[in-house]
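The values are calculated or read from the model by the stated rules, or taken from the named source; none is laboratory data. These figures come from a predicted structure and were not determined experimentally. Positions of Cβ are generated from backbone atoms using ideal geometry, with glycine treated the same way; all protein chains shown enter the neighbour counts.
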Amino acid sequence: MYPATSRDLRGYGEHPVDPQWPNGAAVALNFVLNYEEGAERTIEDGDGTSERALLEVPESRVKAGDRDLAAESMYEYGARVGFWRLRRLFLERRLPLTVFACAVALERAPDAARAIRETDWDICCHGWRWEEAFALPAETQRDNIMRAFESLQRTTGKTPGGWYSRYAPSEDTRRLLVEHGRFLYDSDAYNDELPYWVDCGGRPHLVVPYSLAVNDTKMLSGGLITGRLFFEYLKDTLDMLRAEGRTQPRMMNVGLHPRIIGHPGRAIGLERFLDYAAAQTDVWICRRLDIAKHWPIHFPPPTVAGPSS
């Protein structure tokens, strides 16, 4: 026999719980806007390298250690143009949105912070900067969690409901979030289509899983190079979940980035999907905070937590 693992490879299994979404919805649909522009790696901020992830080119042309002004400019597009286009699309339709916000990014973009403050969008803390928690010692993470939480409260006037690390947490991250005590959930998991409770040091903690599969990053790395293809992929995902949701309702996350989906030839695909989703009577379009508040009402935290991530 191979040794046992601490990982939960079963989850809810063949018969997931009925999430009891409002009005009997088959799908809870949450749009997430990742606001990272201005918080990425730069030489100017002393990182020793320019950001190399999620660029419009497969790799930087600039020598490692030198300032990549093209990469910085691609990120700036998200703050200068993309964010405002996406804001218009959601506000025109009066659709809710969750912002995965890097604290430094919104400190450097007061107009965007003000614009978010004026909406009913909710905030999920996406780090102090767009840093990789898995590469940081616990003490640094603890300090960054505290600073990020306080900064986002100050810039947006909203209390962050949850936490999401860049790509992956460390083995300390969840413990530090529970220790902080102000987060309702984290989204540092990609392993389910429903929220679930975990036991974190003897305390129940809610996980609202995220998705990198239903995400505009596929437009840079996965071949979905047009808005039309992105629309089709989102529609197909929602349609299958709606069909399954007649007996097994689920959750669907759509991950967005201003510097990616904010370009017009891509945003038009999102626009089509927003109109399609809004027309479906069996879809609950909601904020992540709404899901995090819904779950404990219908599934109270256990005294001994259930599936562990």
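Tabulated values for the structure
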| quantity | calculated |
| --- | --- |
| Unmet requirement for Gly48, which otherwise passes all of (1) free of Cβ contacts under 8 Å to residues at least 12 places away in the same chain; (2) assigned to a loop (DSSP other than H, G, I, E, B) | (1) |
| Near pairs, Cβ below 6 angstrom, 6+ apart or cross-chain, from the range 174-194 (of a type outside the set (A, V, I, L, M)) to any residue that is in a helix (DSSP H, G or I) | His180/Ile145; Phe183/Leu177; Tyr185/Ala292; Asp186/Leu177 |
| Cβ pairs under 7 Å, 6+ apart, first in the range 240-257 and closer than 9 Å to Glu193 by Cβ, second in a strand (DSSP E or B) and among the small types (Gly, Ala, Ser) | Met251/Ala28 |
| Filter pass, Glu179 being surrounded by fewer than 18 Cβ atoms within 10 Å (Cβ to Cβ), closer than 21 Å to Trp121 by Cα and not hydrophobic (A, V, I, L, M, F, W, C) | no |
| Check on Asp68, surrounded by fewer than 16 Cβ atoms within 10 Å (Cβ to Cβ) and among the acidic types (Asp, Glu) | no |
| Where Ile123 falls short, out of the listed (1) in contact (Cβ under 8 Å) with a residue 24 or more places away in the chain; (2) under 30 Å from Ala267 (Cβ atoms); (3) in a loop (DSSP other than H, G, I, E, B); (4) of a type outside the set (Lys, Arg) | (3) |
| Residue among Thr156, Thr119 that alone is surrounded by 14 or more Cβ atoms within 10 Å (Cβ to Cβ), hydroxyl-bearing (Ser, Thr, Tyr) and in contact with a Lys or Arg (Cβ under 6 Å, 6 or more places away or on another chain) | Thr156 |
| Pairs with Cβ under 9 Å, 6+ apart, first in the range 51-63 and more than 14 Å from Glu40 (Cβ to Cβ), second at pLDDT below 90 and surrounded by fewer than 14 Cβ atoms within 10 Å (Cβ to Cβ) | Pro58/Ser221 |
| Lys63, sole failed condition from (1) assigned to a loop (DSSP other than H, G, I, E, B); (2) in contact with a Gly (Cβ under 9 Å, 6 or more places away or on another chain); (3) not hydrophobic (A, V, I, L, M, F, W, C) | (2) |
| Helices (runs of 4 or more DSSP H) fully within the range 199-288 counting 1 or more residues that are at pLDDT below 95 and more than 19 Å from Leu89 (Cα to Cα) | 218-221 |
| Candidate set: the range 204-239, residues that are among the charged types (D, E, K, R) and touching a residue at least 40 places away in the same chain (Cβ under 8 Å); chosen: the one farthest from Ile291 (Cα to Cα) | Arg228 |
